[in-house]
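First up is the structure itself, then whatever we jot down about it.
Coordinate-derived values only; no laboratory data. Please read all numbers here as calculations on a predicted model, not as lab measurements. No Cβ is skipped: glycine too gets one built from the backbone with ideal geometry, and neighbour counts run over all protein chains shown.
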Amino acid sequence: MIATISNTKKNRLPEILEHASGDKRFKILEAHMKKHQFKHDALIEVLHKAQELFGYLEDDLLLFVAYKLKLPPSRVYGVATFYHFFTLKPQGAHTCVVCMGTACYVKGADKVLAAIEQAAKIKAGGTTPDNQLSLMTARCIGACGIAPAVVYDGTVTPRQTPELAVQHVKGWIDHGN
Amino acid sequence: MVIDDLNAIAEAERAARKKYTLRCCMAAGCHSSNSVAVKKALEQAVKDAGLEDLVEVRGVGCMRLCCQGPLVQVDPDGTLYEKVRPEDSASLVGTLKGGTTHVQKGDPNSPFFTEQLSIVLANSGYIDPERIESYIAADGYRALHDVLREMTPKEVVDEIIKSGLRGRGGAGFPTGLKWGTVAKTESAQKYVICNADEGDPGAFMDRSVLESDPHSILEGMAIAGYAVGANQGFVYVRAEYPLAISRLQNAIKQAKQRGLLGSGIFESPFTFNIDVRIGAGAFVCGEETALMMSVEGKRGTPRPRPPFPAESGLWGCPTLINNVETFANVAPILRKGADWFASIGTEKSKGTKVFALAGKITNTGLIEVPMGTKLRDIVEKMGGGAPDGAPIKAVQTGGPSGGCIPAEALDTPVDYESLASLGSIMGSGGMIVMDDATRMVDVARFFMEFCMDESCGKCVPCRAGTVQMHSLLEKILNREATAADLQRLEELCQMVRDTSLCGLGQTAPNPVLSTLRFFRSEYEELLKKETAHNGEPRAAIR
């Protein structure tokens with residue numbers, strides 16, 4: 001993957017910049033970098049913003065960030081892959097994050113996850129073939145008081161059971177059938 | 001801003017108080033249980049009943065009994081309502097005019113509440129975390145004023161040393177000593193960092209403090225900045241805590257507007273700014289050297305110590321790193337005096353500790369108790385034991401770096417040394433209760449899987465060791481392991497503990513070692529039977 005980026009860097013950069021000039025999201029991203037005075041230590045903040053705007057971090061986007069911050073692409077790619085929060089693959093239209101923290105785990109989060117996996121026919125970390133649902137796990141979202149918790153499209157939902165969880169994602173997975 | 005301005009704000013805030021206050025919990029737990037809609041409905045109900053002049057609806061921070069949320073408490077009589085729904089609001093407001101309601105009532109005089117002693121959480125559940133005036137009315141920023149106008153940096157450090165405060169992030173290093181080292185190191189530029197990368201699964205104390213009382217952290221950091229000679233602070237927060245991040249950013253903005261952060265605070269020459277840095281989901285970034293790498297925008301990998309951050313930290317400058325809860329203790333200590341603080345707790349562990357009580361326990365939530373409180377009092381008296389009266393098997397403290405304390409040892413007082421002697425650690429304060437249904441080998445594997453995933457990959461013992469230990473635990477759980485495998489697991493635990501670069505690897509074997517120490521039979525039951533010659537397995541128990 002790294003090799004792909006560096007090999008094609010020279011030919012791709014003008015293309016990326018041309019593409020970026022026509023896309024408003026790149027302008028917002030650049031304004032965000034400017035706010036941080038294009039400082040190298042703002043890289044993580046910039047990647048957060050990029051993921052917020054684009055949904056995921058594709059190679060061209062990482063190259064754009066590297067070019068604008070005057071950082072080697074290897075450094076940007078290294079940071080993007082080190083942190084779990086950043087994803088280099090496109091996500092489904094809906095997301096479902098099952099908390100697997102200790103409190104949720106002892107209260108049966110593993111069963112909740114298994115039920116969703118079975119219903120959606122995907123494993124944790126995967127996306128349904130029709131790109132409707134991405135299923136993920138979290139280390140702990142700090143909602144231990146209402147364990148087991150599941151985050152559906154950004155909304156933390158308390159006290160989930162396998163049945164409740166399947167019911168919740170049902171509308172998102174039936175389209176594929 | 002001078003002291004008269006501060007007093008005027010506090011006075012105006014107190015004068016605006018109404019006869020009744022409906023305090024509505026807006027911290028993460030209740031927030032997820034729809035408390036925003038509850039608050040809105042209550043406001044509407046007050047309007048409909050024409051009681052706007054008599055009743056204030058106030059969004060507050062964590063009211064602690066998270067499992068019964070959304071919580072609403074009525075002042076001045078203190079009636080506590082649990083599991084409030086938006087449609088209950090009319091009848092709830094009606095009780096103020098002599099009506100009745102069917103909403104479930106909680107008991108504010110139950111041991112869960114009465115056994116608590118609040119220093120860090122003193123404002124939590126009372127003040128509005130979104131309004132600086134609410135914090136100022138609760139004596140906020142008074143300690144910062146007194147420190148800047150009346151004390152030298154050395155006196156501040158001495159006061160913290162005298163208080164006996166120790167780091168609340170887990171290791172328990174004396175806070176005053178750390179401050180003193182940073183203060184003594186000569187440098188034109190120094191930094192203060194607040195470690196809010198609360199990564200331990202099952203811990204949510206720091207999150208609650210940030211969500212409930214963000215200004216107390218800012219005040220503590222500013223005092224620390226004055227004491228050590230730093231003018232820039234960073235709060236490093238997990239990306240998984242969006243509510244805490246927004247409240248913190250809002251608090252910083254308000255403090256700047258009021259001149260309580262920035263240049264010339266309280267008309268002194270002292271300048272202090274705070275920026276928020278958002279993590280990106282790496283557990284290892286809770287380790288201080290890795291955290292600093294991440295603040296610099298790099299991969300969060302740790303480095304060997306020494307040099308310690310106090311001498312060479314962020315961008316090579318002397319850096320003070322303390323945990324959220326440590327900073328939250330600072331302002332109360334300076335306001336009420338080191339002697340007052342030192343009078344609470346045990347000989348070596350002073351003050352209080354906040355714990356997140358969760359797992360198989362009736363009262364899930366947040367508690368703050370004096371150091372030295374017995375585990376049994378916390379779990380049985382305050383927590384109400386396991387639901388359905390099931391026997392408690394163990395209490396897990398310290399997350400993936402800690403261990404499982406068996407039910408027989410519940411009479412242990414909670415302090416740094418006692419927990420360490422049981423092979424666990426105080427940790428940041430997550431306390432997970434496990435009942436009979438929990439298999440300890442499974443728990444050990446759960447934590448090892450966590451450490452395996454979260455190992456940053458820099459040093460070999462942690463990177464390869466956690467994978468090997470995890471596969472051995474899998475083997476044991478699949479009933480394919482022999483006594484030799486168990487022995488190898490123990491050897492690996494020692495090796496990884498002794499040779500890893502940072503705290504993550506050094507403590508990764510703790511859950512295995514502590515469960516082996518107290519629940520060895522559960523491991524042995526899962527082993528294959530061996531024959532006499534060569535230790536070759538003969539038959540598996542299926």
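Miscellaneous remarks
- Label positions at A:K123 and B:D411, each projected 7 Å from the Cα along the C-beta direction, are separated by 4.9 nm.
- Count Lys and Arg as plus one, Asp and Glu as minus one, and take only other residues whose Cβ is under 15 Å from that of B:D377; the net charge is then -1.
- Per-residue extension of 0.36 nm, minus the Cα-Cα distance of B:A484 and B:I161, leaves a gain of 111.3 nm for this segment.
- Mean projection area, nm², convex hull over Cα of region B:352-435: 4.4 nm²
- Long-range HN-HN contacts of B:T21 with modeled amide H, under 5 Å: B:E56, B:D75
- By the Kirkwood approach, averaging reciprocal distances over each pair of separate Cα atoms, region B:440-525 gets a hydrodynamic radius of 12.5 Å.
- The Cβ shell under 11 Å around A:H32 holds other residues with a net charge of +3, Lys and Arg each +1, Asp and Glu each -1.
- Relative contact order of region B:440-525, pairs being alpha-carbon contacts under 8 Å that are 6 or more residues apart, as %: 38 percent
- Note on A:K24/B:E525: beta-carbon distance plugged into 1/(1 + (r/R0)^6) with R0 of 60 Å gives a FRET efficiency of 0.45.
- Ratio of Rg to Rh for chain B: 1.00 [Cα atoms; Kirkwood radius as inverse mean 1/r over pairs].
- Placing unit charges on the Cβ atoms of the charged side chains and taking the dipole of region B:1-68 about its Cα centre, the candidate lying farthest along the positive direction among B:V57, B:G29, B:A8 is B:G29.
- For region B:46-192, the relative contact order comes to 16 percent (Cα pairs under 8 Å, sequence separation of at least 6).
- Binned Cα-Cα distance frequencies in chain A - 10 Å width, integer %: 9, 31, 27, 22, 10, 0
- Among A:Q118, A:G92, A:A20 - extreme Cα towards positive end, dipole of chain A, charges at beta-carbon: A:A20
- Looking at the protein assembly as shown, the DSSP beta bridges with both ends there are about 50 percent antiparallel.
- Among complete DSSP H helices in chain B, those whose alpha-carbon atoms stretch at least 15 Å along the helix's long axis and whose mean Kyte-Doolittle hydropathy reaches -0.5 are B:3-15, B:35-48, B:153-163, B:214-228, B:242-257, B:324-336, B:440-454, B:460-477, B:483-499.
- Compared with the direct C-alpha span, the chain from B:D75 to B:V2 gains 23.1 nm at full extension, assuming 0.36 nm per residue.
- Using a Förster distance of 56 Å, the FRET efficiency for B:E186-B:T100 (Cβ separation, nearest 0.05): 0.25
- Per residue, chain B reaches -12000 deg cm²/dmol at 222 nm when only DSSP H runs of four or more residues are counted, each adding -39500 (n - 2.57).
- Average projection area in nm² (convex hull over Cα atoms of region A:30-126, one quarter of hull surface): 7.5 nm²
- Scanning residues 5 or more positions from B:F234 or on other chains, those with amide H under 5 Å from its amide H are B:V192, B:I193, B:C194, B:D275, with H placed 1.01 Å from N in the peptide plane.
- Two-site label geometry, A:K89 and B:D453: point separation in nm, points 7 Å out along Cα→Cβ: 1.5 nm
- Helix-only [θ]222 nm of chain A, DSSP H runs n ≥ 4, -39500 (n - 2.57) each, per residue, nearest 500: -16500 deg cm²/dmol
- Given 16 as the ceiling on other Cβ atoms within 10 Å, longest exposed-site-free region of chain A for chymotrypsin sites (Phe, Trp or Tyr not before Pro) in DSSP loops: A:57-177
- Point-charge dipole on Cβ atoms (K/R +1, D/E -1) for chain B, about Cα centre, debye to 20: 560 debye
- Between the Cα long axis of helix A:43-54 and the first principal axis of chain A there is an angle of about 70°, rounded to the nearest 10.
- Phi-based couplings in Hz for region B:164-171 (Karplus 6.51, -1.76, 1.60; Gly and Pro marked x): x, 4, 10, x, 8, x, x, 7
- Burial ranking of peptide ranges B:6-16, B:27-37 (average Cβ count within 10 Å, highest at the top): B:27-37, B:6-16
- Links that overshoot a 22 Å alpha carbon limit, given the list B:K350/B:K393; A:K49/A:K121; A:K123/B:K528; A:K34/B:K253: B:K350/B:K393; A:K49/A:K121; A:K123/B:K528
- Taken over region B:1-89, the percentage of Cα pairs per 10 Å bin, counting from 0 up to the bin with the maximum distance, is 18, 43, 26, 12, 1.
- Centroid-to-centroid, using Cα positions, region B:445-523 and region A:33-50 are 38 Å apart.
- Computed from the Cβ-Cβ distance with R0 of 41 Å, the FRET efficiency linking A:S74 to B:D139 stands at 0.20.
- Karplus-based coupling profile of region B:519-526, in residue order and whole Hz: 10, 4, 4, 5, 5, 5, 4, 8, with θ = phi - 60° in 6.51 cos²θ - 1.76 cosθ + 1.60 and x standing for Gly or Pro.
- Angle between chain A longest axis and helix A:109-120 axis [Cα atoms, degrees, rounded to 10]: 80 degrees
- Check: region A:94-176 dipole with +1 on Lys, Arg Cβ and -1 on Asp, Glu Cβ, in debye: 220 debye
- Mean projection area, nm², convex hull over Cα of region A:94-176: 4.4 nm²
- Pairs spanning more than 23 Å between alpha-carbon atoms, out of B:K154/B:K298; B:K39/B:K97; A:K107/B:K374; B:K162/B:K374; B:K40/B:K256: B:K154/B:K298; A:K107/B:K374; B:K162/B:K374; B:K40/B:K256.
- Coarse-grained scattering of the protein assembly as shown at q = 0.10, 0.11 Å⁻¹, given as base-10 log I(q)/I(0) from a Debye sum over alpha-carbon atoms: -1.05, -1.28
- Farthest toward positive dipole pole in region B:352-435 [+1 Lys/Arg, -1 Asp/Glu at C-beta], among B:L357, B:M382, B:M426: B:L357
- Against chain A, whose longest principal axis is taken from its Cα atoms, helix A:24-35 shows a tilt of about 80°.
- ³J(HN,Hα), Karplus 6.51/-1.76/1.60, whole Hz, each residue of region A:121-137, x for Gly, Pro: 6, 9, 9, 4, x, x, 10, 5, x, 8, 6, 8, 9, 10, 10, 9, 10
- Amide H contacts for A:L133 (H built 1.01 Å from N in the peptide plane; partners 5 or more residues away or on another chain; cut-off under 5 Å): A:A93, A:H94, A:T128.
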